[in-house]
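See below for the structure under consideration.
Derivation of every value follows stated rules applied to the coordinates shown; laboratory data play no part. Predicted model, so just to flag it, every value in this text is computed and none were measured. FYI the Cβ positions are ideal-geometry reconstructions off the backbone, even for glycines, and counts take in every protein chain you see.
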There are 2 protein chains.
Amino acid sequence: MTKMVLNAVGRAIPTHIKGMGDLTPFKGAFAHTPGPMNMTPRAAWHKPGQSKMTETIRQALENCGLADGMTLSFHHHFRNGDHLVNMVMDEVAAMGVRDITIAPSSLQSIHEKLIPHIRSGVITGIQTSGIRGEIARVLSTENLLKTPIIIRSHGGRPRAIESGDTKIDIAIIGAPAADAFGNVNGVEGPNACGSLGYAIADATCATHTVVVTDYLIPYPACPVSIPQTLVDYVVVAEGIGDPQGIVSGATRITRNPMELLIAEKANEAILASGLVQQDFSFQAGTGGSSLAVAHFLRQHMRENNIKGSFASGGINGYLVDMLEEGLFRTLMDVQCFDLKAIESIRKNPNHMEMSASYYANPHNKGCVAHQLDVMVLSATEIDVQFNVNVITGSNGIIMGASGGHCDTAAGSKLAIVVAPLFRGRLPIVVDQVTTVVTPGESIDVLVTEYGVAVNPARTDLKDRFRENGLKTVEIHELKERAEKVTGKPTKPVVTDEVIGLVEYRDGTIIDTIKKVVE
Amino acid sequence: MTKMVLNAVGRAIPTHIKGMGDLTPFKGAFAHTPGPMNMTPRAAWHKPGQSKMTETIRQALENCGLADGMTLSFHHHFRNGDHLVNMVMDEVAAMGVRDITIAPSSLQSIHEKLIPHIRSGVITGIQTSGIRGEIARVLSTENLLKTPIIIRSHGGRPRAIESGDTKIDIAIIGAPAADAFGNVNGVEGPNACGSLGYAIADATCATHTVVVTDYLIPYPACPVSIPQTLVDYVVVAEGIGDPQGIVSGATRITRNPMELLIAEKANEAILASGLVQQDFSFQAGTGGSSLAVAHFLRQHMRENNIKGSFASGGINGYLVDMLEEGLFRTLMDVQCFDLKAIESIRKNPNHMEMSASYYANPHNKGCVAHQLDVMVLSATEIDVQFNVNVITGSNGIIMGASGGHCDTAAGSKLAIVVAPLFRGRLPIVVDQVTTVVTPGESIDVLVTEYGVAVNPARTDLKDRFRENGLKTVEIHELKERAEKVTGKPTKPVVTDEVIGLVEYRDGTIIDTIKKVVE
């Protein structure tokens, strides 16, 4: 019988998992001291004249000594236009290799093509920020893997890689453009995706790094996002990405009146916090209200002649407009969300690429997330302890991604969640979230269409809001109001089987995900 | 009695040195397989709100836990305008700390102020690419250090650091511009030096990294050459550099008729090699004839409409002109030599900064030096085996720097040494060089004012030259011709005491430097 202990957010965490080893339960956002690093890159050796060009993905995998039990990493800048993970894993299966752990920075619904490889035992472990679509449903309702899925934040992933917790045998880099010697950038070619921020830790720390591109450019690539010094092999392959799926295009402001209302209230709260001053910094996550918050903030900045120091995270055209208007001095970009952002990072030196470690890793000497003033976050659920779930639906099934949620919440001076009280018949503000991704201690404010609730721990903020005439409510009131409409939410029916571990950014376990009985 | 063995260039190398451990004698340019890497960076941990600003250099050193026996690293982009090494070591001495190894990327004559710290036992070890001036003379003629000086090439230094052979306790980064969180660039401020290529391995691998700047800029610095993720402390201090000494300004073509003659002959040899084609790559070292070679090459490229892929190394205004004229597509820059180069790297995205590891480390997955077609090198001495000395004078006293000499010679398709037959009464072409820095196997051609000699191992090149009507002579003839004018050179008078080890780029020992009796 596995020993379980309650962690700092009250979740029962197994202290050991077979095939994985001992786990450290979450102790608090900054309570866990990192252990010694045990990442050691392979000694490399290059002789002049040695070519890195390889005919096929298979040949490259063979050159890397692909074998049962290895870990292969991928990055998700091609998003739902990514064909590379499927292509590579088809090849791995065809080679008769089994027991592979895949460590993509995220999985999309297009990766449902991996399901047969999971069922057949080619893939037996998954480490990712999120999973969507049918593959997420299958993994949530069947216990198919040898060890639980590890869900990591965008800062937690490079922490794991750079510390050696995750040892990558082969990093696969999907390269919009690359030269024959392995210099890569994301701003040229038919699959240009802009920033390659998530791929940098992989290339840096993997034993072997394989670049796969459909756009071979003359040596030397310029600019260089991933340098030749980290790359073993270069493969040219058609069809690695679909530009339609790479670009999300969602840079228009929502027209949903409730989302606009929430955004307006969020903007009022942000202004009442007093943080919007010269050189302030800002990030907004995805979701209907987030972009609208930027919209309202923009008006205020214009009217008051305020210029921010940086906006960060995934970057879209709206933020590019603000950069070009002079409302932010720089953009720090881990992932471009649309064509305008890609165009901007190609041309504008003040639009800077950042690695995921630079963005959010808590165990380097200081990440950008720790420099944030204002962070606007979404939530699938938020509970009366301010704990946030963005990974599972209230039915317990994985449907989202951890992303930079817990990283930016922990790092920013004001972490503000914008969410409606309920969606359809599901309450968003609940007694206990299904799965904790971000601990309540990191969330300062919840903004809903029915009012603004402040985390009781932030008495300073409550005082500030009162001084500035901003009315607040207790989060319990919001929860009760939601329940009046939707009724008490039903808990998902789960078994005892742990199919997923939600790792906090520091490597401790903040929650488990159990197998759902549909 | 220390055991000595003859290495692959016939030099007697001790197999063990007390306080240093076992040495591996040089086996050939690509004969030594690297061992496992043992560099493990310190686990770091940053909390939001933690400041890195530190009042004084002393406070920063104390925060880093400076103690007897540690290794401190520096970079030499401020060249002979560098006051930082002296300032820091004065502070170390004032703190009563002893037995420090300094690992600057190079030492200049301005660092003669370190001599008292060497005599008093504050500095007991030195690892550097070169040493010039009075400090070089003192170190060559007195056996003052606990262990011999280690001379490393620009590629060998990051190899040593990244592999863990050199463990840096505290890296000191002299920053032309930095923000309060440690993002550094070299293109702003009164001491702008352009590329910070030599400092990057230090910041990446050191246990602690301290940034010292006289030009604090708003967060975030843009561009960023050394990121906040690597930096522990930031100190603002006046007078760290002198712009007069930082910029060398030597970008005019020589008017010395003999140097021009040699350059013209070198250009003929380069063209006769057949390597000057579309997309060819080029580097020239420092020295009177090198820049003139670029000048002659430029005419040929214009007339034949040839566009090169890149020029690399230390970059000067002449190469910037060629970039802007479209004669090279990119510049890859480890160190800017003049204001024009600094201005160019600030503004022109095709003028790329490269780390020293990217430039020349033989033990990453492929450096730029290994992509070079044509490399023009200088020599203090070259012998009939084509071995080259650039570190000691023929009197045995250290007076130069290893630089990228052996890296680019080994990596390029055509490594061509340009040198006069003699300088004053000293022959340059000799029976045996005083100190081997670059093994003869890496040198393809010697061009002097009295003729062109081809390394007998390059029969292909000899044939090519003959086909293209380029006359050659035997290197022995050149040596004899030199000796007819100068007489047989006298050997320096040295003791048995080894005061320096010349490390080949791969970590093996290619030669020793013995104490000179003046």
Over the protein assembly as shown: helical MRE at 222 nm, DSSP H runs n ≥ 4 each giving -39500 (n - 2.57), nearest 500 = -7000 deg cm²/dmol
Cα centroid distance between region B:1-75 and region A:461-518, in Å?
-> 50 Å
Give or take rounding to whole Å, what are the principal axis extents of the alpha carbon atoms in region B:257-492, in descending order?
-> 52, 40, 36
Computed ³J(HN,Hα) along region B:363-372: with the Karplus parameters 6.51/-1.76/1.60, θ = phi - 60°, integer Hz and x for glycine or proline, the list is 10, 10, 8, x, 9, 4, 4, 7, 9, 6
In nm to one decimal, list the spacings between the B:M20 label point and its equivalents in the other copies, with label points set 7 Å along Cα to Cβ, shortest first.
-> 5.0
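Can you give the mean number of other chain Cβ atoms that lie within 10 Å of the Cβ atoms in peptide B:224-234?
Working: counts 6, 0, 0, 9, 8, 14, 4, 3, 2, 1, 0.
Mean inter-chain Cβ contacts per residue within 10 Å come to 4.
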Would you mind pulling out the separation of the Cα centroids of region A:89-156 and region A:366-398, in Å?
-> 23 Å
May I ask for the distance between the Cα centers of region A:171-196 and region A:329-344, given as a whole number of Å?
-> 16 Å
Label-point separation, A:Q59 to B:D99 (7 Å along Cα→Cβ), nm | 5.6 nm
Pair B:A457, B:N256: separation of 7 Å Cα→Cβ label points (nm) = 2.9 nm
Write down the percent of antiparallel bridges among all DSSP beta bridges whose residues are both part of the protein assembly as shown, to the nearest 5.
-> 35 percent
How far is A:P36 from itself in the other copies, in nm, if each label sits 7 Å out from Cα along the Cα-Cβ line, shortest first?
-> 1.3
Under 5 Å from the placed amide H of A:I150, counting only residues 5+ away or on other chains, we find A:I126, A:Q127, A:T128, A:L501
Scattering from the C-alpha atoms of region B:108-177 alone, worked out with Debye: what is log10 I(q)/I(0) at q = 0.15 1/Å?
-> -0.58
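For A:E268, what charge total do you get from the other residues with a beta carbon under 14 Å from its beta carbon, if Lys and Arg give +1 and Asp and Glu give -1? Walk me through the intermediate numbers first.
Numbers: positive: A:K265, A:R464, A:R466, A:K471; negative: A:E264, A:E449, A:E467.
In short, +1.
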With N residues in the protein assembly as shown, Rg(alpha-carbon) / (2.2 N^0.38 Å) equals 0.99
Can you put B:C222, A:C406 in order, fewest other beta carbons within 10 Å first?
-> B:C222, A:C406
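Do me a favour and compute the ellipsoid semi-axes for region A:262-316 from its Cα gyration tensor, root of five times each eigenvalue, largest one first, whole Å. Each step should come with its number before you reach the end.
Numbers: eigenvalues 55, 40, 18 Å².
Computed over region A:262-316, the values are 17, 14, 10 Å.
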List the lysines whose Cα lies under 24 Å from the Cα of A:K479, skipping any in the same chain that are fewer than 8 positions away.
-> A:K265, A:K462, A:K471, A:K488, A:K491
One decimal, nm, nearest first: from A:D321 to the same residue in each other copy, label points 7 Å out along Cα→Cβ, the values are 4.7
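If the chain between B:R302 and B:N348 were fully stretched, how many nm would it gain, using 0.36 nm times the residue separation less the Cα-Cα distance? Please report the intermediate quantities before stating the final value.
Working: separation 46, 0.36 × 46 = 16.56 nm, distance 2.15 nm.
Taking B:R302 through B:N348 to full extension adds about 14.4 nm, to one decimal.
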About its Cα centre, how strong a charge dipole does the protein assembly as shown have in debye, to the nearest 20, once Lys and Arg get +1 and Asp and Glu get -1 at the Cβ?
-> 600 debye
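Over region B:291-353, what is the relative contact order in percent, taking alpha-carbon pairs closer than 8 angstrom and at least six residues apart?
On the way: 88 pairs, mean separation 18.8, N = 63.
Relative CO of region B:291-353 lands at 30 percent.
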